[in-house]
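Asks: Following this message is one structure expressed as structure tokens.
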Amino acid sequence: MGDNPKRLPQIIGAIAATMGGFSLGTVIGWSSPAKAPLETEFNMTQDQFGWISSIMPLGAASAQIYMAFTLDLFGRRLSMLIIAIPFVIGFLILALSNSFAMFCLGRFITGFCGGAFCVAAPTYIGEMAEKGIRGTLSVLFQLLLVIGIFLSYALGEFKDLYALTVPLLFGPSTLFGILLFLPESPVFLLKKGKTELAQKSLQFYRGKNYDISSEMKEIEEYSKIDTETFINRFKTRACIKGFLMLLGMHIVQQLSGINAVIFYAHDIFKQAGATMSDGVNAIILSLVQIVFTIVSAYMVDRVGRKILWILSLSIMAGCLVVMGIYFMMKRNNEETAKDIAWLPLIIICLYLAGFSLGAGPLPWVMIGEFLHSTVKGRLGSFITCFNWLLAFVVTKLFEPLVNKVGADVVYWFFAIICGLGLAYVILFVIETRNKTLEEIQIELGTPPQ
């Protein structure tokens with residue numbers, strides 16, 4: 001038997017699952033380049049466009065009700081296969097829509113389907129991947145997501161809704177085609193008492209010549225207490241501690257203002273008076289996200305999650321403070337601000353670089369690590385639902401708040417949240433680098449078996 005496990009099957013499995021992240025990215029990125037054709041070709045008002053943009057997070061939040069039950073009932077893989085079908089339908093509705101109601105329906109469906117993968121993909125990867133590359137493979141979700149955002153921005157340069165939307169069918173179609181031939185996660189199969197299938201799954205992902213006996217024993221130890229009820233498991237110290245850590249991380253992620261920046265990228269640069277076209281600015285931003293998410297994927301299993309969190313939030317807080325100062329200058333002296341109209345692009349690039357290093361990928365990575373398989377489906381879905389509800393609130397209130405109190409105040413609020421998040425991570429969040437799922441549960445407070 002070989003000494004080292006094969007990594008290619010694990011990479012293929014991770015890419016298949018994270019194609020859901022790619023598709024979610026195309027949904028997130030769609031609204032910004034769609035604004036101009038929606039207003040010119042379909043006479044959408046500012047308020048109507050606001051709803052078309054912000055209904056997507058509501059769909060993503062609603063998906064968590066579905067995922068809370070199907071993830072543990074049908075399995076991680078089958079849940080993703082099922083959701084790929086309405087994903088295709090949602091994109092077709094957007095491509096063929098000619099009314100406000102139909103655009104809202106298409107955005108809700110694609111938001112629903114994209115949001116479903118926020119729990120399913122990290123859970124599947126966390127249970128399928130070996131500990132040495134689990135972090136890197138989990139960051140692929142965020143990497144594929146930002147590549148999806150880039151694709152939407154790039155297609156937006158055609159200035160045509162049909163040309164923007166139809167190519168996005170590639171994501172869910174590819175996901176379905178690959179995932180159809182992959183096995184379920186070994187942890188889920190063992191949880192359901194399907195030991196032989198669990199062994200076959202683990203052997204597939206480690207290679208036919210690798211001795212899986214030691215790792216199977218670890219998974220069995222990890223799954224021993226799966227006979228507990230959800231309520232009994234939820235009341236344990238380890239579960240509560242892990243749940244609260246994750247909740248805090250997801251609050252920080254959304255209240256850092258990331259979705260407001262992405263959804264309204266075109267408008268932010270227009271407000272700032274930037275000289276390049278909105279589309280070019282947005283494409284530059286998405287390329288920055290891609291590059292620094294790759295950096296995060298490279299570093300996460302080398303330096304650890306906690307250091308990336310600290311670096312990420314420090315950069316973001318500094319950038320948001322400077323953005324606030326810029327917009328204060330613009331409000332007080334527009335002529336002076338014109339001389340540095342390039343500054344918002346530079347600062348937002350740095351902000352997105354910081355976000356992509358830690359605050360973007362790590363909350364999703366850690367869902368697959370912090371929650372025990374007994375509660376992962378329901379609690380992971382609850383946290384993701386909460387995340388997307390916050391995204392809806394931030395997206396819906398961003399423009400009204402900017403108009404009411406000024407962009408400077410809004411950016412400074414986001415900066416304060418990043419500062420508080422930095423203190424939270426330093427004081428409370430544990431490191432999970434190079435630890436098995438069982439070791440993480442022990443560190444959270446579960447007594448060793």
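Asks: So for W342, W51, fewest C-beta neighbours within 10 Å to most, what's the order?
Replies: The most exposed by this proxy come first: W342, W51.
Asks: By how many degrees, 0 to 90 and rounded to 10, does the Cα axis of helix 134-155 deviate from the longest principal axis of the chain?
Replies: Between helix and principal axis, roughly 30 degrees.
Asks: Which residue fluctuates most in the GNM of the chain (Cα springs below 10 Å): V295, V405, V425?
Replies: Most flexible of the set in this elastic network: V405.
Asks: Which one, V402, V119, V288, has the greatest fluctuation when you compute a Gaussian network model over the chain with C-alpha springs under 10 angstrom?
Replies: V402
Asks: Something else about it: Assuming a ≥ b ≥ c are the square roots of the Cα gyration tensor eigenvalues, decide whether the stretch 380-432 counts as rounded (a/c under 1.5), prolate (otherwise, with a/b larger than b/c) or oblate.
Replies: Since a/c reaches 1.5 but b/c is at least a/b, the shape of the stretch 380-432 is classed as oblate.
Asks: Okay, moving on. Run the helix sum for the chain: -39,500 (n - 2.57) per DSSP H stretch of 4+ residues, divided by residue count, reported at 222 nm to the nearest 500 deg cm²/dmol.
Replies: -26500 deg cm²/dmol
Asks: Next up: Which of D72, D301 has the fewest other C-beta atoms within 10 Å, and how do the rest follow up to the most?
Replies: With the sparsest Cβ surroundings first, the list reads D301, D72.
Asks: Could you work out the relative contact order of the chain? I mean the mean sequence separation of Cα pairs under 8 Å and 6+ apart, divided by the number of residues, in percent.
Replies: 26 percent
Asks: Compare E215, E335, E439 in a GNM of the chain, Cα atoms joined below 10 Å, and give the one with the largest fluctuation.
Replies: Checking each option, the largest mean-square fluctuation is seen for E335.
Asks: Another question about this same structure. Round to the nearest 0.05 the FRET efficiency obtained for T45 and D160 when R0 = 22 Å and r is the Cβ-Cβ distance.
Replies: Efficiency at R0 = 22 Å is approximately 0.60.
Asks: Could you compute the net charge surrounding N333? Neighbours are other residues with a C-beta less than 14 Å from the C-beta of N333; K and R count +1, D and E count -1.
Replies: Summing Lys/Arg as +1 and Asp/Glu as -1 gives -1.
Asks: May I ask you to list the lysines whose Cα is less than 23 Å away from that of K208, ignoring any residue fewer than eight positions away on the same chain?
Replies: Excluding near neighbours in sequence, the set is K6, K131, K191, K194, K200, K217.
Asks: Using a cut-off of 15 Å between beta-carbons, work out the net charge of the residues near E41 (Lys and Arg +1, Asp and Glu -1, E41 not included).
Replies: Within the 15 Å Cβ shell, the charges total 0.
Asks: Among the lysines, select those whose C-alpha is under 18 Å from the C-alpha of K235, and discard any that sit fewer than 8 residues away in the same chain.
Replies: Those lysines meeting the cut-off are K224, K376.
Asks: Amide H of Y210: which non-local residues (sequence gap of 5 or more, or other chain) have their own amide H closer than 5 Å, using H built in the peptide plane?
Replies: Amide H neighbours of Y210, under 5 Å, 5+ apart: G2.
Asks: So, one more: Using the alpha-carbon atoms, what tilt in degrees (0 to 90, nearest 10) does helix 373-405 show relative to the longest principal axis of the chain?
Replies: That works out to roughly 10 degrees.
Asks: Follow-up. So what J values fall out for the stretch 288-302 if you push phi through Karplus, 6.51 cos²θ - 1.76 cosθ + 1.60 with θ = phi - 60°, rounded to Hz, Gly and Pro as x?
Replies: 4, 4, 4, 4, 7, 6, 4, 4, 4, 4, 5, 8, 4, 9, 9
Asks: Pull out the extension gain between E221 and F181, defined as 0.36 nm times the separation in residues minus the alpha carbon to alpha carbon distance; nm, one decimal.
Replies: Between E221 and F181, full extension yields an extra 11.6 nm.
Asks: Also: Distance from the Cα centre of the stretch 381-449 to that of the stretch 307-322, in angstrom?
Replies: 13 Å
Asks: Here's something else I'd like to know. With P(r) over Cα pairs in 10 Å bins from 0, in percent defined as stated, name the option among (1) 4, 18, 25, 22, 16, 10, 5, 1, 0; (2) 4, 15, 16, 13, 12, 10, 9, 7, 6, 4, 2, 1, 1, 0, 0; (3) 5, 22, 32, 24, 12, 4, 1, 0 computed from the structure displayed.
Replies: Structure-derived value, by its label: (3).
Asks: Just to be sure I understand the model, the point goes 7 Å from the Cα along the line to the Cβ. What's the resulting I442 to I85 distance in nm?
Replies: The modelled label-to-label distance comes out at 4.4 nm.
Asks: Here is a follow-up. Taking a ≥ b ≥ c as the square roots of the eigenvalues of the Cα gyration tensor of the stretch 6-75, is the shape rounded (a/c under 1.5), prolate (a/b larger than b/c) or oblate?
Replies: Cα axes put the stretch 6-75 in the oblate bin.
Asks: Can you sort S173, S99, S201 so the residue with the fewest Cβ neighbours within 10 Å comes first?
Replies: If I rank by nearby Cβ atoms, fewest first, I get S99, S173, S201.
Asks: Could you state the angle between the C-alpha long axis of helix 213-223 and the longest principal axis of the C-alpha atoms of the chain, as a value from 0 to 90 degrees rounded to the nearest 10?
Replies: In the chain, helix 213-223 runs at an angle near 70 degrees to the longest axis.
Asks: What FRET efficiency comes out for the pair L427/N98, r = Cβ-Cβ distance, R0 = 51 Å, nearest 0.05?
Replies: Computed FRET efficiency for L427 and N98 comes out at 0.45.
Asks: Excluding residues on the same chain fewer than 8 positions from K159, give the lysines whose Cα lies under 18 Å from its Cα.
Replies: By straight Cα distance, K159 reaches K35, K270.
Asks: Still on this structure, I have one more. Mind listing the phi-derived Karplus ³J(HN,Hα) values for the stretch 106-113, rounded to whole Hz, using 6.51, -1.76 and 1.60 with θ = phi - 60°, and x for any glycine or proline?
Replies: Along the stretch 106-113, the couplings run x, 5, 5, 5, 5, x, 4, 5 Hz.
Read-outs throughout are calculated quantities, based only on the coordinates presented, and are distinct from any laboratory measurement. Nothing here was measured: the structure is a model prediction, and the numbers come from that model. Methodologically, a virtual Cβ is constructed for each residue, glycine included, from the backbone with ideal geometry; neighbour enumeration extends over all protein chains shown.
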